[in-house]
Every structure is written in C-alpha cells, then in structure tokens.
Amino acid sequence: MKTWTICALSIALTPFVATQNAVAPVPVPVEEEPHHRVLLKNDWIVLMRVSIPEGERTLYHTHAPDRGAVELSKAFVTLQKMNEFESSPLPTQPGDVSMTSGDQPLTHRVHNVGPGTFEVVDIEFLRRPQEASKAAAAVAGENSSARAYKWTLAPGATSAMHAHERPHLIIAVTAFPLKMTAADGQSFTREVKPGDSHWVDAKVTHSLRNEGSSEAQIVEIELK
Ligand SMILES: [Zn+2]
C-alpha cells in the first residue's frame, strides 16, 4: 500500500516539474541581450548603448558585479531580479548616473513603462584597481572600479581645469558644441549628441566648455 502511494505521487508530480523546466527563462550575457549594443570593449570596460522601446521588456540578462549607467531619457522603468517580483515603476532623468558594486553578478530584466523610448549608456567594469587613484573632480557616484563626474554647463560656461590620472570615458547627455582645452592651451571643438562617448586611455589635464546656446550636460566615468 505504501509503495503504491509513492508511485502515484511521483506520476502526479512528473508533468508539473517538466512544465516548470520548459518555461523557466534562461538568462543571457548582457552583451547578447538584443536591446544592448556593444560600442567598445577593451581590457577595462564593456561600453553599451541600450535602447528599449515603450512597452518592451529585455530578456533576463547578467551583468558584471561592478557596473555604471548614464540615463539619456525621461521615462519610467521597472526592474526585476531573477526569481523576484517586478519593482514598481522608477523614474529616469537624462544625466542620472548610477554606479553599483557587488560581489556577485546581477541577473535581471528591465521593462520600459514609458512614455517614449528608454535610452541609457551601460558600462561593465571588468577589473578592480590594485590601489585607488585620486579623484579628478567632485564625485557624483562611484563603485569599487570607477568614479563618475557630472558637469552641467550653462551656455558659454567652462568647467574647472582638472587632471585625469586614469583612463576615462566622456559621455554626452545633451547635444551641444563641446570645446575641450588641454593644459597647454590647445583646444578642439566637436558637436556631440546624447549618448556620444569617447574613451581616453592617457593622463589628461583639461577643461570642458559649452559653446552652445542651451544648458549642456556631460558625464565622465574614470577608472580608479
Ligand atoms: Zn575631464
């Protein structure tokens, strides 16, 4: 009688377990998630441009433990970690910077509630420094691998002259003519648009000037 009961139970459970396995989502590496486009990959970082149309969800994807994000659009998104509930909608603002650090990779998915397309620049940090470098300017956010600096420049305004000891990324949040001047006075001007980025793999002392007629925003992400 006892044997019969156990057999019946395992027969009853088998189809349930099989169905669960068939629908369980399998996370993809972040670089393979279709809304993420890799712009640059080197020994230090993977730089990605992420674009999620209104109403769409990413696949579950896995990020490195240390990562950064620079928002380019105004929208509401939800975040959902694997096997957890979806968060309530969170507002995003152009120029918002988040720098997160963890001991474990993060697996989650993102849902753009809208309105409009959700645009963001994602940076995965691949190595932590042996010893920390000195900050170049006021720190807007940091994790174990890097610091973020945020420059908001009125028309005609110039940032303080500052020195980067370590490789860094310059990311435009708004469209404007950006003038960069080095310590020796040499300068060049470039029209940038939201999400444009430039990797600088050298020590640089420079200032950033907004040559345009409306407020400009720029974010620098510097390795520690
Ligand atoms: Zn700088």
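The values are calculated or read from the model by the stated rules, or taken from the named source; none is laboratory data. Because the structure is predicted, anything quoted here is derived from the model rather than measured. Note: ideal-geometry Cβ built from the backbone for every residue, glycine included; neighbour counts use all protein chains shown.
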### Message
With the requirement that a residue be of a type in the set (V, I, T) and either in contact (Cβ under 8 Å) with a residue 60 or more places away in the chain or not assigned by TED's automatic domain parsing to the domain that holds N42 (or both), what does the range 113-138 give you?
### Response
T117, V120, V121, I123
### Query
Does A202 satisfy the criteria of being under 17 Å from the mean Cα position of the chain (by Cα) and either of a type in the set (F, W, Y) or on the phi < 0 side of the Ramachandran plot (or both)?
no
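Sort out for me the strands (runs of 3 or more DSSP E) sitting completely within the range 147-224 that have 1 or more residues that are basic (K, R).
Those strands (runs of 3 or more DSSP E) span 176-182, 187-192, 204-210.
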### Query
Of these, A135, A160, A146, which one is within 16 Å of the ligand (Cβ to nearest atom), of a type in the set (G, A, S) and surrounded by fewer than 14 Cβ atoms within 10 Å (Cβ to Cβ)?
A160
### Query
If you check T107, T174, which single one turns out to be away from the ligand (no atom under 16 Å from the Cβ) and closer than 16 Å to H198 by Cβ?
T174
### Query
Quick check: anything in the range 115-129 farther than 26 Å from V77 by Cα and either of a type in the set (G, A, S) or crowded, with 19+ Cβ neighbours inside 10 Å (or both)?
no
### Task
Filter the range 173-187 down to residues that are of a type in the set (A, V, I, L, M, F, W, C) and out of contact with any His (no Cβ under 6 Å at 6 or more places or on another chain) and give me whichever is surrounded by the most Cβ atoms within 10 Å (Cβ to Cβ).
V173
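Answer yes or no as to whether V204 is among the aliphatic types (A, V, I, L, M), free of Cβ contacts under 8 Å to residues at least 60 places away in the same chain, near the ligand (Cβ under 10 Å from one of its atoms) and more than 20 Å from L39 (Cβ to Cβ). Can you show your working first?
Values: among the aliphatic types (A, V, I, L, M): yes; free of Cβ contacts under 8 Å to residues at least 60 places away in the same chain: yes; near the ligand (Cβ under 10 Å from one of its atoms): yes; more than 20 Å from L39 (Cβ to Cβ): yes.
Against the criterion (among the aliphatic types (A, V, I, L, M), free of Cβ contacts under 8 Å to residues at least 60 places away in the same chain, near the ligand (Cβ under 10 Å from one of its atoms) and more than 20 Å from L39 (Cβ to Cβ)), V204 qualifies.
Hey, among R209, R190, which residue is away from the ligand (no atom under 11 Å from the Cβ) and surrounded by 15 or more Cβ atoms within 10 Å (Cβ to Cβ)? Break it down into steps so the answer makes sense when it comes.
Details: R190 fails: surrounded by 15 or more Cβ atoms within 10 Å (Cβ to Cβ).
When all the criteria are applied, what remains is R209.
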### Message
So, in the range 212-222, exactly how many residues are surrounded by 13 or more Cβ atoms within 10 Å (Cβ to Cβ) and more than 13 Å from the ligand (Cβ to nearest atom)?
### Response
4
#### Entry: Checklist (1) part of a strand (DSSP E or B); (2) at pLDDT below 95 applied to A18, failing item
(1)
